[in-house]
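Read the figures in this text as sums done on the coordinates, not as results from a lab. As the structure is a prediction and not an experimental result, all values here were calculated from the model. We place every Cβ from the backbone using ideal geometry, glycine too, and count neighbours over all the protein chains shown.
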Amino acid sequence: MLKKECWNLLGPSIDYRSGMSSNIFTPVNQVRLTNVSVVRLKKGGKRFEVACYKNKVLEWRNNVETDLDNVLQTRTVFVNVSKGQLANKEDLNKAFKTTDTDKIILEILRKGELQVGEKERTQQLGNLSRDIATTVAEKCINPDTKRPYTVTMIEKAMADLHFSVNPNRNAKQQALEVIKQLQEKQTIPIARAQMRLRVAIPGKEGKRVKEKISSLIESTEDEDWGDEYELICLINPGQFRALTDVVQKETKGRGQIEVLSIRDTDDRDEAFA
C-alpha cells in the first residue's frame, strides 16, 4: 500500500522527448527562500532556524525594529532554511514545551545565532563597533580636561583594548563594558559625563528633601531658599532615575526636575582631535 503524501503543484514542465507538457510536484513541507539571513538555535538535540530579511535581526534586537513582519520572511520554523525543510510539531513541542509558533520564533530570535556570510558579518561588526564607540563618546569625557572624546579616539582606545564586539549584544550594553575596561586598564582617562539639573521643591519641604537626595548629588552649583527651594547640581546619569523617584515621592508629585545639560564639559571646546 502506497504511503499517502500531500503534494503542492508548482507548475508545468515540458517533456522534450514527447513534446508534451507534464506537471512537477514538490512536497508542501519544503519552502524555498532567497536573499535570506538565518537565525539558528540548537535545543533539545535538534537544530531550529528562522528565515529573516537581511540586516533586520540586529535592528530587532536593538529595539529599532519592532514589527516582526518586517523581520521575518515567513512565520515558520525550519530545521534547515537553505533546503526548505520545516520543523515538525513533535520536535518543536519536545524542545520548546509548546507548539505556539510565535513564542518559538521569539525565543529563536532572542537566543539564536545569526548566520551570515563573511562579508556581511564584517560589515555588521564594523557598524556595531562604530555604534559602540559613538555611545561611549556621547556618555563620557576626559575628567582631566572636562572635554569629550571624539568617536575616532574611542575607536582607537577600543583597538588598544583588543575589545571583541559581540554581534548578539546591543551597542549600549557593550558601550558600558568598554567604559568599564577603559577605566580598569587606564587605557585613557575617562569618566561618565555628568548631568546638570535644576531641582525645584516647595519651600516647606526643601530641607527635608535636600537631605534625602544629598547622597545622589555629585556637586552643588547654586541653591536658593524662598517660597520654593531651587537647586542647581551635577549628578551621574545613573542616579537620575533614583533622584527623580525620591523628589516625586517626597513632594507627592509637586517637585520639578529640569535637565539643563547632559554633560559637564569645557564649553570652550566641544571636541578635539
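Can you give the Rg to Rh ratio of region 69-148, both from alpha-carbon atoms, with Rh computed by the Kirkwood formula? Provide the component values of the computation, followed by the final result.
Numbers: Rg = 19.9 Å, Rh = 16.2 Å.
Reported Rg/Rh, Kirkwood definition of Rh: 1.22.
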From fewest to most C-beta neighbours within 10 Å, the residues Met158, Met153 line up as Met153, Met158
Per principal axis, largest first, the Cα atoms of region 194-261 extend in Å by 28, 22, 18
Under the Karplus relation with 6.51, -1.76 and 1.60 and θ = phi - 60°, whole-Hz ³J(HN,Hα) for region 36-48, x at Gly and Pro, equal 10, 9, 10, 10, 10, 9, 9, 8, x, x, 10, 9, 10
Per its Cα gyration tensor (rounded if a/c is under 1.5, else prolate when a/b beats b/c, else oblate), region 118-191 is best filed as prolate
Measuring from its Cα centre, region 37-115 shows a charge dipole (+1 at each Lys and Arg Cβ, -1 at each Asp and Glu Cβ) which, in debye to the nearest 20, is 400
Most exposed first, judged by fewest Cβ atoms within 10 angstrom, Tyr149, Tyr229 run Tyr229, Tyr149
For Ala51, the residues 5 or more places away or on another chain with a placed amide H closer than 5 Å to its own amide H are Gln73, Thr74, Thr76
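Given just the C-alpha atoms of region 220-259, how large is their convex hull per residue in cubic angstrom?
Numbers: hull volume 2.8 nm³, N = 40.
Dividing the Cα hull volume of region 220-259 by its residue count gives 71 Å³.
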Checked against the positive end of the charge dipole of region 143-273 (+1 on Cβ of Lys and Arg, -1 on Cβ of Asp and Glu, about the Cα centre), the farthest of Ser214, Ala242, Val259 is Ala242
Most exposed to least, judged by fewest other Cβ atoms within 10 Å, Ser219, Ser129 sort to Ser219, Ser129
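With +1 on the Cβ of every Lys and Arg and -1 on the Cβ of every Asp and Glu, and nothing else charged, how large is the dipole of region 118-191 about its Cα centre, in debye rounded to the nearest 20?
For region 118-191, the charge dipole is close to 120 debye.
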Packing-ranked peptide list from 54-61, 183-190, 220-227, highest mean Cβ count within 10 angstrom first, is 54-61, 183-190, 220-227
Taking only the alpha-carbon positions of region 37-115 as identical scatterers, the Debye log10 I(q)/I(0) at q = 0.18, 0.27 Å⁻¹ comes out as -0.65, -1.39
